[in-house]
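Scroll down for the structure; my scribbles are underneath it.
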Amino acid sequence: MDKTGICESCPLYQHKMIEYGASVDKPRLVVVGAYPVPYEISRGTPFTDKNAKIVRNIITRYKNRLPKAEQSELTIEYRYAVKCTPFDNGEKVMPSAGDIKRCSVSLKEYLDRVQPDVVLLLGTDAFKALDIKEAMKNAR
C-alpha cells in the first residue's frame with residue numbers, strides 16, 4: 001500500500017475499493033465475505049446489498065434473542081477478503097487466487113490487531129484469504 005492507503009498490489013486496485021468507516025475497537029464477532037459490490041462501495045458500508053442484508057438480519061435476530069445486558073456486548077464488524085470490487089463497468093471480473101492472497105494481508109493484520117472472539121467466514125474466498133483449507137490440511 002502507498003501512504004494514502006491505496007493498495008496497488010493486484011489488478012483489482014483499478015476498480016473502486018471499499019473504505020471501512022469507524023470501526024469497533026474490539027469486535028467480538030467479525031464477519032468476512034468475499035468482496036464488495038458496487039452499491040456497497042458507493043455507500044461506503046460493507047454488507048448492505050440485498051444478499052448481505054440477509055446475513056445482517058440473521059445476526060440481528062440472534063443478537064435480539066440475547067439478554068439485554070449481553071446485546072450491547074456483542075459488537076460486530078463486517079469485512080471482505082478482497083477490498084476492491086471485482087466489477088468493471090457492470091462486468092464481473094473474478095478475483096484470482098493471487099489477488100485474494102495479496103489482499104488478505106490487510107485482513108489478517110486487522111484480525112491480529114482486534115483479536116475477535118469469533119470470525120465467521122462466508123464463502124470460498126473468505127476461507128482462501130485466511131488459508132483455512134491449508135491450515136485444515138496441516139491439522140490432519
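In segment 24-57, which residues are hydroxyl-bearing (S, T, Y) and in contact with a Pro (Cβ under 7 Å, 6 or more places away or on another chain)?
Y35, the sole residue that qualifies.
Could you grab the pairs with beta carbons closer than 6 Å, sequence gap of 6+ or different chains, first residue in segment 35-46 and more than 16 Å from E91 (Cβ to Cβ) and in contact (Cβ under 8 Å) with a residue 12 or more places away in the chain, second one assigned to a helix (DSSP H, G or I) and open to solvent by less than 50 Å² (accessible area, probe 1.4 Å)?
P46/E40
What's the number of the condition R102 fails, among (1) at pLDDT 80 or above; (2) open to solvent by less than 90 Å² (accessible area, probe 1.4 Å); (3) under 22 Å from L130 (Cα atoms); (4) not small (G, A, S)?
(2)
Filter segment 72-93 down to the residues that are loosely packed, with under 12 Cβ neighbours inside 10 Å and of a type outside the set (D, E, K, R) and list them by number.
Hits for segment 72-93 are S72, N89, G90.
The values are calculated or read from the model by the stated rules, or taken from the named source; none is laboratory data. Note that the structure is a prediction, hence the values are computed from the model and not measured. Virtual Cβ from ideal backbone geometry, glycine too; neighbours counted across all protein chains shown. In case anyone asks, the SASA skips ligands and DNA or RNA and just uses the protein heavy atoms, side chains included. Shrake-Rupley method; radii C 1.70, N 1.55, O 1.52, S 1.80 Å.
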